[in-house]
Amino acid sequence: MSYAPTPSQTVGPFYGYALPFPRGGEVAPAGHPDTITLHGYVYDGAGNPVPDALVETWQPAPDGSRAGAPGSLRHDPVTGEVIGRDGVAFTGFGRVPTDADGHWAVRTLPPGGVSYIAVAVFARGLLHHLYTRAYLVDEPGDALLGALDPARRATLVTRPEADRTYRFDIRLQGEGETVFLEFK
Amino acid sequence: MPLTEPLPDGLSQQEIDTEVAKAQASAAPSDHPPRDYPPYRSSHFRFPRQPLIPLSDPEAVELSGPAFGVTDVTALDRDLTRQHIGEPLGERITVSGRVLDREGRPVRGQLVELWQANASGRYAHQLDQHPAPLDPNFTGFGRCLTDDEGGYSFTTIKPGAYPWRNHVNAWRPAHIHFSLFGTAFTQRLVTQMYFPGDPLFAYDPVLRSVTDESARQRLVCAYDHDLSAPEWSLGYRWDIVLDGPSATLFEEGDQL
Ligand SMILES: [Fe+2]
């Protein structure tokens with residue numbers, strides 16, 4: 001690795017009119033019967049919800065393809081407005097800002113070949129984004145999960161709720177702090 | 001319970017400078033800012049106290065990443081001066097450069113997004129309370145895809161410096177926020193680009209959070225006279241190198 005990387009800087013408070021896009025959390029085609037909902041809250045170290053975080057998700061398609069597909073930010077060519085995905089291509093990419101109460105939600109299809117969805121978190125106050133994983137099931141043979149003690153492991157495993165819905169809270173700091181990853 | 005309290009409200013620039021010097025002295029060498037950085041007071045409750053878990057797995061999903069294409073941008077998205085009926089006020093500039101990976105290879109066909117304050121230092125965001133004028137002809141965000149050489153280019157206006165409430169008389173140097181994608185999700189980058197010679201550099205804890213001087217310099221673009229267009233705009237060049245492993249780096253690593 002010879003080229004020195006460009007340093008990270010915080011996303012700051014004012015990305016809201018730039019990065020979020022319409023239907024950024026609607027990764028699954030509308031009405032698809034296999035749709036799952038992945039959702040939760042982002043909390044800070046004082047236990048308060050984080051209302052200015054941005055959550056991104058990335059995952060394989062249901063068939064296991066990791067190639068993704070263009071069209072997450074598909075534009076209307078006449079107005080130039082972002083109109084969302086075309087419902088055919090599975091882009092695998094979700095982006096949602098947290099609400100005033102720290103909540104976020106992504107509707108997607110189950111990832112093919114793995115049991116997790118990759119998550120990146122950006123926020124005001126966070127100088128460098130954080131990676132974590134939302135495991136839809138606790139995978140016994142998973143190397144990452146297997147290396148963690150039970151309490152920390154539990155922070156990566158979603159809690160199933162009714163109707164194909166999975167709860168994944170992200171605690172940036174303190175009690176129940178989410179496991180964050182560094183890719184080498 | 002948090003171990004310490006955040007730095008209090010109402011600190012002077014001099015007190016923040018002392019905290020910056022303290023953080024600088026204790027920082028481990030790194031290309032990126034430490035997430036635990038007291039002089040940027042908003043960071044206090046927002047950095048993990050547990051170490052990150054290292055992961056080196058050639059099968060990791062994060063070694064691949066989202067794809068973007070011609071449906072994701074329009075030709076107008078790269079020109080922030082043409083998004084409204086009239087022209088925005090300010091100094092018209094172009095910002096161009098290349099997006100590379102750590103091997104120096106161009107990142108092709110990937111999404112570059114930017115956002116910024118207007119020439120007066122005001123964001124088109126309802127939470128920005130800086131009493132500087134909004135510009136009805138400037139929103140301040142744009143997108144483009146990198147070309148086959150990893151190149152990107154935007155036309156915009158030079159943003160103004162603006163005050164914030166980190167401490168008393170806190171001012172951000174003029175900057176443009178950038179968001180970048182590589183070929184892998186691990187290469188995701190959100191950062192800020194600064195303009196050369198800004199007298200506010202020394203006073204800004206956000207820029208100073210990058211504790212390595214040469215790394216900090218990599219956040220500053222260069223004025224490039226060859227990029228200036230006669231009778232039209234001033235040109236700045238800023239190349240970006242994305243950190244983090246990718247599937248292709250892993251494949252090459254196997255051969256080493
Ligand atoms: Fe800013």
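List the number of the failed condition for B:Ala161; all other conditions in (1) within 11 Å of the ligand (Cβ to nearest atom); (2) open to solvent by 30 Å² or more (accessible area, probe 1.4 Å); (3) within 13 Å of another protein chain (Cβ to nearest Cβ) hold.
Only one criterion is unmet by B:Ala161, namely (3).
For B:Pro173, only one of the following conditions fails: (1) away from the ligand (no atom under 11 Å from the Cβ); (2) touching a residue at least 24 places away in the same chain (Cβ under 8 Å); (3) within 12 Å of chain A (Cβ to nearest Cβ). What is its number?
Checking B:Pro173 against (1) away from the ligand (no atom under 11 Å from the Cβ); (2) touching a residue at least 24 places away in the same chain (Cβ under 8 Å); (3) within 12 Å of chain A (Cβ to nearest Cβ), the one that fails is (1).
Sort out which residues of the range A:121-141 are closer than 20 Å to B:Phe185 by Cα and of a type outside the set (Val, Ile, Thr), and write them in order of number.
Of the residues in the range A:121-141, the ones closer than 20 Å to B:Phe185 by Cα are A:121-123, A:126-136.
Of everything in the range A:121-141, those that are closer than 20 Å to B:Phe185 by Cα and of a type outside the set (Val, Ile, Thr) turn out to be A:Phe122, A:Ala123, A:Leu126, A:Leu127, A:His128, A:His129, A:Leu130, A:Tyr131, A:Arg133, A:Ala134, A:Tyr135, A:Leu136.
Name every residue in the range B:54-72 that is of a type in the set (Val, Ile, Thr) and crowded, with 18+ Cβ neighbours inside 10 Å, in order of residue number. Break it down stepwise before answering.
Within the range B:54-72, the subset of a type in the set (Val, Ile, Thr) is B:61, B:70-71.
Hits for the range B:54-72 are B:Val61, B:Thr71.
Conditions (1) open to solvent by 30 Å² or more (accessible area, probe 1.4 Å); (2) within 16 Å of the ligand (Cβ to nearest atom); (3) within 11 Å of chain A (Cβ to nearest Cβ); (4) more than 20 Å from B:Asp239 (Cα to Cα), marked per residue:
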position: B:Thr74; (1), (2), (3), (4): yes, no, yes, yes
position: B:Leu111; (1), (2), (3), (4): no, no, yes, no
position: B:Gly121; (1), (2), (3), (4): no, yes, no, yes
position: B:Ala124; (1), (2), (3), (4): yes, yes, yes, yes
position: B:Gly142; (1), (2), (3), (4): no, yes, yes, no
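Any idea which residue in the range B:218-238 is surrounded by the most Cβ atoms within 10 Å (Cβ to Cβ), counting only those that are in contact (Cβ under 8 Å) with a residue 40 or more places away in the chain and outside any loop (DSSP other than H, G, I, E, B)?
Out of the qualifying residues, it is B:Tyr236.
What's the number of the condition A:Leu54 fails, among (1) in contact with a helix residue (DSSP H, G or I) (Cβ under 8 Å, 6 or more places away or on another chain); (2) open to solvent by 30 Å² or more (accessible area, probe 1.4 Å)?
In the conditions (1) in contact with a helix residue (DSSP H, G or I) (Cβ under 8 Å, 6 or more places away or on another chain); (2) open to solvent by 30 Å² or more (accessible area, probe 1.4 Å), A:Leu54 misses (2) alone.
Yes/no matrix, rows are residues, columns are (1) under 23 Å from B:Leu180 (Cα atoms); (2) more than 10 Å from chain B (Cβ to nearest Cβ); (3) within 16 Å of the ligand (Cβ to nearest atom); (4) charged (D, E, K, R):
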| site | (1), (2), (3), (4) |
| --- | --- |
| A:Pro13 | yes, no, yes, no |
| A:Gly24 | yes, yes, no, no |
| A:Pro29 | no, yes, no, no |
| A:Asp34 | no, yes, no, yes |
| A:Gly40 | no, yes, no, no |
| A:Pro49 | no, yes, no, no |
| A:Leu54 | yes, no, yes, no |
| A:Pro62 | no, yes, no, no |
| A:Gly68 | yes, no, no, no |
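For the structure I just gave you, tell me whether B:Val61 is within 18 Å of the chain's Cα centre (by Cα) and either at pLDDT 95 or above or more than 9 Å from chain A (Cβ to nearest Cβ) (or both). Walk me through it before giving the result.
Numbers: within 18 Å of the chain's Cα centre (by Cα): no; either at pLDDT 95 or above or more than 9 Å from chain A (Cβ to nearest Cβ) (or both): yes.
No.
Hey, among A:Leu73, A:Leu130, which residue is of a type in the set (A, V, I, L, M), touching a helix residue (DSSP H, G or I) at 6+ places or on another chain (Cβ under 6 Å) and open to solvent by less than 20 Å² (accessible area, probe 1.4 Å)? Working first, answer last.
Numbers: A:Leu130 fails: touching a helix residue (DSSP H, G or I) at 6+ places or on another chain (Cβ under 6 Å).
Only one candidate qualifies: A:Leu73.
Where in the range A:54-153 are there strands (runs of 3 or more DSSP E), lying wholly inside it, with at least 1 residues that are without any contact (Cβ under 8 Å) to a residue 24 or more places away in the chain? It would help to see each step written out before you state the result.
Details: elements: A:93-97, A:103-108, A:116-123, A:130-135.
It comes to A:130-135.
Table: residues versus (1) more than 9 Å from chain A (Cβ to nearest Cβ); (2) open to solvent by less than 40 Å² (accessible area, probe 1.4 Å); (3) of a type in the set (S, T, N, Q); (4) away from the ligand (no atom under 16 Å from the Cβ).
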| position | (1), (2), (3), (4) |
| --- | --- |
| B:Leu100 | no, yes, no, yes |
| B:Trp115 | no, yes, no, no |
| B:Asn118 | yes, yes, yes, no |
| B:Gly150 | yes, yes, no, yes |
| B:Asn169 | yes, no, yes, yes |
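Tally up the residues in the range B:180-216 that are of a type in the set (Asp, Glu), surrounded by 22 or more Cβ atoms within 10 Å (Cβ to Cβ) and in contact (Cβ under 8 Å) with a residue 60 or more places away in the chain, please.
Here is the first cut: in the range B:180-216, the residues of a type in the set (Asp, Glu) are B:198, B:204, B:212-213.
In the following step, the residues that additionally are surrounded by 22 or more Cβ atoms within 10 Å (Cβ to Cβ) were identified as B:204.
Next, from what is left, pick out any that are in contact (Cβ under 8 Å) with a residue 60 or more places away in the chain: none.
Result for the range B:180-216: 0.
Among the candidates B:Val241, B:Val210, single out the residue that is assigned to a strand (DSSP E or B), in contact with a Pro (Cβ under 6 Å, 6 or more places away or on another chain) and within 14 Å of another protein chain (Cβ to nearest Cβ). Give the steps one after another, and end with the answer.
Details: B:Val210 fails: assigned to a strand (DSSP E or B).
Only one candidate qualifies: B:Val241.
For B:Ala184, work out the one condition from (1) over 19 Å from B:Arg122 (Cβ atoms); (2) within 16 Å of the ligand (Cβ to nearest atom) it doesn't fulfil.
Here B:Ala184 meets the rest and fails (2).
The values are calculated or read from the model by the stated rules, or taken from the named source; none is laboratory data. Just so we're clear, the structure is a prediction, and the values are computed from it rather than from any experiment. Here Cβ is always computed from backbone atoms with ideal geometry, including for glycine, and neighbour counts include all displayed protein chains. With ligands, DNA and RNA removed, areas are computed over all heavy atoms of the protein, side chains included. Shrake-Rupley method; radii C 1.70, N 1.55, O 1.52, S 1.80 Å.
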